[in-house]
Structures are given as C-alpha cells and as structure tokens.
Amino acid sequence: MGKGSRRKAAADQSDSSDVESMSSVSTTFSELTMANETEHVNSLDFQLEKYIDALYEKRFIARGSVRETALLGLAEAFEGQVLLPFIENKFVTLLHQYLSSIKKGSAKEACLASRTIGLLAITIGAGNSAHEIMEESISPLSQALVSGSDKTKKKSVMDCLALVTFIGANDLAETETSLKTIWQVIYPKSGPNVGSIKKPDSAVLSSAISAWSFLLTTIGSWRINPDSWKESISFLSNLLEDSDRSVRIAAGEALGLFFELGIFDMNFQKEGTNIDKLEHEISKHGTFHHLQGLKAKILARASDLSTEAGGKGTDKKNLNDQRDLFQKLLDFVETGECPETLLKISSKQGFLMTSTWAQMIQLNFLKGFLGKGFLKHAQDNELLHDIFDFEQDRTGILSTKEKISRADDKGWTQKMNKDRKLAQVYRSIFKLCM
C-alpha cells in the first residue's frame with residue numbers, strides 16, 4: 001500500500017498529457033511486483049509441501065533417506081524464517097511425522113526430527129498449540145534419550161525436550177517432569193538403571209546441563225525448596241573440577257542461576273512459602289550449614305577458574321569464556337551486579353539486552369539452537385520478543401501520517417537520546433558506588 005501511494009502521488013504531479021502513460025506503467029509495475037512476490041511465496045510453500053510429502057517416503061537415495069533430506073530442508077526453512085502462517089493448520093501433521101522419524105528413523109533422522117520439533121514450537125509460540133506439541137512429544141523424546149548411544153542424537157533430543165517444555169508447559173509439574181528426565185542424563189545415579197549407566201560423554205554432559213539450566217529458568221525462586229535441590233547443587237559443584245572445560249562452564253552457569261534464585265542465602269520471604277515448615281526442615285537436616293559449605297567451595301573454585309592460566313595448546317576462546325563466566329559469577333555474588341548482555345538486532349530495533357542470570361542462560365541457549373537464524377527470529381518472532389521483553393519494529397506498518405508525525409517530532413527524538421544518556425550515566429555511577 002505504501003508503494004502504491006507513492007506511485008500515485010508521483011503520477012498526480014506529472015503533466016496531464018503523461019497521466020495515462022504513467023498510470024499504465026505504474027499499473028504494469030505493480031502487477032509485476034505482486035506477481036514476483038506471490039511467485040516467491042508460492043514457490044516456498046510449494047517446496048515446503050514437497051518436503052512434507054517426502055516425510056511419508058521410505059525409499060533411500062545415495063546420501064541418506066528421502067526423509068532425512070526433507071527434514072533438513074524443513075529445518076533450514078524454519079530456521080531462516082518465521083513461517084507461522086504456513087504451519088497454523090499443519091502443525092499437527094508435521095508433529096506426527098517428526099515424531100514418527102524419532103521413533104522409527106535412523107540416528108541422523110532422529111536428530112533432524114528433534115530439531116524440527118524445536119523449531120516448530122519456537123515458530124508457533126506459547127499457547128494451546130505449544131502445549132499440545134509438548135504433550136505429544138515428551139514420551140517419545142524421553143524414550144529416545146534412553147535408547148541407543150549416539151551422542152549427537154542425545155544432544156538433539158535433550159535440546160528439543162527442553163524447548164518444547166519451556167514453551168508449552170502450563171504448570172510446575174510438567175516442567176519438573178522434563179527437568180527430572182534431563183537430570184537423569186546428567187546424574188545417572190538418580191535414574192532407575194543405576195547399574196547399567198556410565199558417566200555420560202563430556203559433550204553430552206555439557207549439553208544436558210545447558211538444557212536443564214535453560215528449563216530451570218522458568219521456575220521462580222518462591223517455588224524453590226533448598227532441601228530438594230541440595231543434591232543437584234552438590235553434584236554441580238563437583239563438576240567444577242571436571243577435566244573438560246565445557247562441562248565446567250555449563251556447571252558454572254547452572255550454579256549462577258541458583259545464586260540468583262537466592263537459595264544459598266535461604267531467602268524464603270516469598271509468596272506461597274510456609275516459613276515455619278521450612279525452618280523446621282532446615283534445622284532437622286542441617287540444610288543451611290550444608291549449603292553454606294557448598295557456597296564457600298563454589299566461590300573458591302570460581303576464583304581459581306576466573307584466573308586460570310593457559311598452557312601450550314590451550315583453546316584460547318574456551319579459556320576466555322571460562323574466565324569471563326566465573327568472574328561474572330564472583331561479581332554477582334559479591335556485589336549483586338547481574339551480568340549484562342547487549343546484542344544488536346537491527347539498525348531500527350537496536351539492541352536486545354539481558355540483565356539477569358536467567359536471561360543470559362536463555363539467550364545463550366536460543367542463540368545456540370537457532371544458529372544463523374537467531375537474528376531473523378529476534379526481529380520477527382513474537383515469542384522471543386516476549387521472552388526478552390523486546391518490542392517488534394513497527395515502523396513498517398505505521399500509516400503515512402504516523403510516520404511523518406514521528407519523523408517531525410524532534411522533541412520526541414531529543415527526549416529519547418537524553419533518556420539514553422542519563423541511563424548510561426546512572427549505570428556508571430551505580431557501578432562506581434558498588
């Protein structure tokens with residue numbers, strides 16, 4: 001509509017003798033533009049429909065099954081664009097085919113199917129449809145975790161399980177079910193088959209901790225009973241001694257979240273907490289002293305990891321990531337200063353900012369899952385806008401009158417710039433005072 005208005009305005013300003021000619025050219029250009037846009041949409045829809053049809057195939061080609069190729073194509077399409085209109089009436093069909101690939105397909109097919117389910121949930125956003133995706137997926141995903149030993153498959157399944165629960169869960173019980181399932185991968189002794197399960201591979205372990213931490217961010221501090229989580233905290237604190245740096249980093253992120261929840265300070269002054277009952281349990285089991293001991297152990301180890309020297313052949317990036325994370329953890333515990341992240345989304349939308357430990361974990365997880373598609377989803381996906389309290393750029397859908405009004409309002413622009421500068425000054429003063 002905006003382009004058509006501009007074309008009409010240009011035609012109105014032309015000589016009367018050229019009006020008919022200009023109008024004809026304008027109409028032809030408009031029809032061509034609409035035809036090209038429609039062709040692009042129809043072409044994409046047509047290709048996606050072909051991928052969906054291929055999910056029913058059982059034939060094999062030279063480089064894998066037809067279904068694997070289709071799943072890869074669907075994953076790339078949903079990663080790069082927010083295809084909500086396309087899936088609104090197809091998500092049930094897609095979900096059932098994806099789940100079939102997880103149950104009956106190869107390890108590679110199960111990996112791709114897990115990823116596409118996660119992308120399906122991210123695209124459709126929170127609501128009844130997301131809850132249906134979660135309900136249908138939890139059992140097959142949980143079974144896939146305990147069947148087979150393929151590392152990549154386990155990582156993909158855990159990421160998917162965390163995502164569908166994060167987006168679709170309606171209550172604490174549903175979240176706890178998935179947390180327990182993932183925790184059994186992290187700490188096999190907590191599961192039913194203790195004798196037959198070995199310590200997971202480092203890559204699987206670090207991935208499981210990250211998925212578990214991501215899901216844990218949805219639980220408010222008032223729901224945390226320290227006596228129920230002390231075993232988890234104790235195990236995670238031991239992982240700070242692990243030989244693999246990725247495991248140490250993942251464990252540090254999870255422990256930072258527990259510090260933010262106030263569990264080490266026995267912060268029970270929250271709505272819905274029975275103070276007398278908790279104090280009785282603390283006294284009975286010695287939870288308070290146990291947690292204080294763990295806190296001292298964690299902070300001492302964090303201090304070492306924040307200044308660890310790199311030897312010959314050390315992966316400098318991972319080492320710097322470790323130092324940075326544990327320094328943030330120390331700063332947070334000592335000063336209460338939350339780690340901040342600024343990520344540029346676009347020239348119009350500006351920066352996405354996180355200012356809590358939980359948001360930092362959420363951002364890291366979603367960036368890792370969406371990969372190169374993160375910026376596109378950050379720009380256009382309402383789910384991410386809600387998670388990070390980030391407003392969608394609406395300038396493209398403003399009326400001409402609204403655009404002119406905003407552009408001419410110099411006072412509004414000056415006020416916004418002033419507010420931003422003041423915020424920066426206050427932040428600097430706060431840091432100096434701390």
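Every read-out reported here was derived from the displayed coordinates using simple, explicitly stated rules and does not represent laboratory data. Computed from a prediction, not measured in an experiment: that's the story for all the values here. So basically every Cβ, Gly included, is an ideal-geometry build from the backbone, and we count neighbours across all protein chains shown.
If amide H atoms are built 1.01 Å from N in the plane of the peptide, which residues on other chains or at least 5 residues away come under 5 Å of the amide H of residue 244? For residue 244, whose amide H was placed from the backbone, there are no distant partners under 5 Å. Near residue 83, no amide H atom lies under 5 Å from its own; only residues 5 or more places off or on other chains count, and H is placed 1.01 Å from N. Length gained on full extension, residue 132 to residue 300, computed as 0.36 nm times the residue gap minus the Cα-Cα distance: 56.0 nm.
Multiplying the residue separation of residue 189 and residue 177 by 0.36 nm and subtracting their alpha-carbon distance yields 2.6 nm.
Cβ under 11 Å from residue 187's Cβ, residue 187 left aside: what net charge do those residues give with Lys, Arg +1 and Asp, Glu -1?
Values: positive: 180, 189, 199; negative: 231.
Counting the neighbours of residue 187, the net charge comes to +2.
Other residues whose C-beta falls under 14 angstrom from the C-beta of residue 241 contribute a net charge of +1, scoring Lys and Arg +1 and Asp and Glu -1. Here 120, 44, 239 are placed in order of increasing Cβ neighbour count within 10 Å, fewest first, which gives 44, 239, 120. In the structure shown, the pairs 198/295; 103/376; 230/297; 103/198; 104/180; 198/367 are assessed against 20 Å; a Cα-Cα span above that value is assigned to 198/295; 103/376; 103/198; 104/180; 198/367. The tail of the calculated P(r) for the stretch 71-228, taken as Cα-Cα distances beyond 19 Å, holds 53 percent of the pairs.
Each other residue within a Cβ distance under 12 Å of residue 127 adds +1 if Lys or Arg and -1 if Asp or Glu, for a net charge of -4. Exposure proxy for 96, 131: other Cβ atoms within 10 Å of each Cβ, ordered fewest to most, give 96, 131. Cβ-Cβ distance of residue 92 and residue 47, R₀ of 22 Å, FRET efficiency by 1/(1 + (r/R0)^6): the value works out to about 0.60.
Residues 56, 187, 98 in ascending order of nearby Cβ atoms (within 10 Å, fewest first): 56, 187, 98. Reducing the stretch 339-370 and the stretch 146-161 to their Cα centroids gives an inter-centroid distance of 26 Å. Amide H to amide H, with H built 1.01 Å from N, residue 350 comes under 5 Å of 345, counting only residues 5 or more places away or on other chains. What the Kirkwood sum gives for the stretch 315-378 is a hydrodynamic radius of 13.1 Å, with every pair of different alpha carbons counted.
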